[in-house]
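Accompanying notes for the structure given below.
The numbers here are math on the coordinates, done by the rules we state, and not lab data. Owing to the predicted nature of the structure, the values given are computational and were not obtained by experimental measurement. Neighbour counts run over all protein chains shown; Cβ positions are idealised from the backbone, glycine included.
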Amino acid sequence: MQRLFFATADDLIPIFEAVERKHRLTYTLCGMFASDQVASASSGATISTLRSPAPHESAIACPQYLVTAAGHRVTIREVRQDRGGVVYAIDQLANNDSIVFQPGGLYPPNVLLNGRAGSVSDSQFSMQIYRAFTSAIGKAFRRVRAFYVGPQAYELWRQGHRLTQAVQSPAEYDLAS
């Protein structure tokens, strides 16, 4: 299950605040890493990449965060490499009580890549947090086709920014009214 959206950092701050008024959460950067050290934030507003330009041309490659209850220990998986060595994975596979939140973001000069809140888990906690995020997004954003669009993202769209899943996608796949 997932909720797709277009949002600026300023669109997302009220979403994080609404959810965090009811739930104490931790946001941990997902991915495969050379070290087993975790990079976590205690609020969505302080995740390290929130206000940075999108580092990739495709939303799917942009940073995503494992959202867990504050104090919950994130399980890190060791993944042996065929060529030798180990990398460390932080994802939902070993963290059932979580969702994944991907902010998306602005890709210079005028593209806004989509974000998403989603989960492959049906644990009670995962469902509760997923519903908290989707409810807050649904109340604060406009629905345009399959996406929810934050107020500033909507204004960027009106000003001619592309709202899309990937820079390299043809314009006919951009968000259209």
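For (1) of a type in the set (Ser, Thr, Tyr); (2) free of Cβ contacts under 8 Å to residues at least 24 places away in the same chain; (3) surrounded by fewer than 17 Cβ atoms within 10 Å (Cβ to Cβ), each residue gets a yes or a no:
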| position | (1), (2), (3) |
| --- | --- |
| LEU29 | no, no, no |
| MET32 | no, no, yes |
| ASP36 | no, no, yes |
| PRO55 | no, yes, yes |
| ALA61 | no, yes, yes |
Pairs with Cβ under 6 Å, 6+ apart, first in segment 1-15 and small (Gly, Ala, Ser), second part of a strand (DSSP E or B):
ALA7/GLY115
Any idea how many residues of segment 14-27 are under 13 Å from the mean Cα position of the chain (by Cα) and either assigned to a helix (DSSP H, G or I) or of a type in the set (D, E, K, R) (or both)?
2
Restricting to segment 2-27, what's the tally of residues that are farther than 22 Å from TYR107 by Cβ and loosely packed, with under 14 Cβ neighbours inside 10 Å?
4
Identity of the residue in segment 154-163, outside any strand (DSSP E or B) and either touching a residue at least 24 places away in the same chain (Cβ under 8 Å) or not basic (Lys, Arg) (or both), that ends up nearest to ASN110 (Cα to Cα):
HIS161
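Among the candidates SER48, SER43, which residue alone is farther than 26 Å from ARG142 by Cβ and in contact with a strand residue (DSSP E or B) (Cβ under 8 Å, 6 or more places away or on another chain)? Walk me through it before giving the result.
Numbers: SER43 fails: farther than 26 Å from ARG142 by Cβ.
So the residue among SER48, SER43 that is farther than 26 Å from ARG142 by Cβ and in contact with a strand residue (DSSP E or B) (Cβ under 8 Å, 6 or more places away or on another chain) is SER48.
Collect the residues in segment 140-153 that are touching a residue at least 12 places away in the same chain (Cβ under 8 Å) and either more than 15 Å from LEU175 (Cα to Cα) or surrounded by fewer than 19 Cβ atoms within 10 Å (Cβ to Cβ) (or both), keeping them in residue-number order. Quick ask: steps written out before the conclusion?
Kept after step one, since they are touching a residue at least 12 places away in the same chain (Cβ under 8 Å), are these residues of segment 140-153: 140-142, 144-153.
Answer for segment 140-153, where residues must be touching a residue at least 12 places away in the same chain (Cβ under 8 Å) and either more than 15 Å from LEU175 (Cα to Cα) or surrounded by fewer than 19 Cβ atoms within 10 Å (Cβ to Cβ) (or both): ALA140, ARG142, VAL144, ARG145, ALA146, PRO151, GLN152.
Restrict the check to segment 92-99 and report whether at least one residue is of a type outside the set (Lys, Arg), surrounded by 14 or more Cβ atoms within 10 Å (Cβ to Cβ), under 22 Å from GLN152 (Cβ atoms) and in contact with a Leu (Cβ under 7 Å, 6 or more places away or on another chain). So that I can check it myself, show each step before the final result.
Narrowing segment 92-99 to residues of a type outside the set (Lys, Arg): 92-99.
Among the residues that remain, those that are also surrounded by 14 or more Cβ atoms within 10 Å (Cβ to Cβ) are: 92, 95-99.
Now restrict to residues that are under 22 Å from GLN152 (Cβ atoms): none.
So far as segment 92-99 goes, no, none of its residues is of a type outside the set (Lys, Arg), surrounded by 14 or more Cβ atoms within 10 Å (Cβ to Cβ), under 22 Å from GLN152 (Cβ atoms) and in contact with a Leu (Cβ under 7 Å, 6 or more places away or on another chain).
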With the requirement that a residue be polar (S, T, N, Q) and either part of a strand (DSSP E or B) or under 20 Å from TYR107 (Cα atoms) (or both), what does segment 28-40 give you?
THR28, SER40
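Would you mind stating whether ASP122 is of a type in the set (D, E, K, R), without any contact (Cβ under 8 Å) to a residue 40 or more places away in the chain and surrounded by 14 or more Cβ atoms within 10 Å (Cβ to Cβ)? Before the answer, list the steps.
Working: of a type in the set (D, E, K, R): yes; without any contact (Cβ under 8 Å) to a residue 40 or more places away in the chain: yes; surrounded by 14 or more Cβ atoms within 10 Å (Cβ to Cβ): no.
When the stated conditions are applied, ASP122 does not pass them.
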Which of the numbered conditions does VAL111 fail, given that it passes all the others? Conditions: (1) farther than 19 Å from ARG3 by Cβ; (2) touching a residue at least 12 places away in the same chain (Cβ under 8 Å); (3) surrounded by fewer than 17 Cβ atoms within 10 Å (Cβ to Cβ); (4) not acidic (Asp, Glu).
(3)
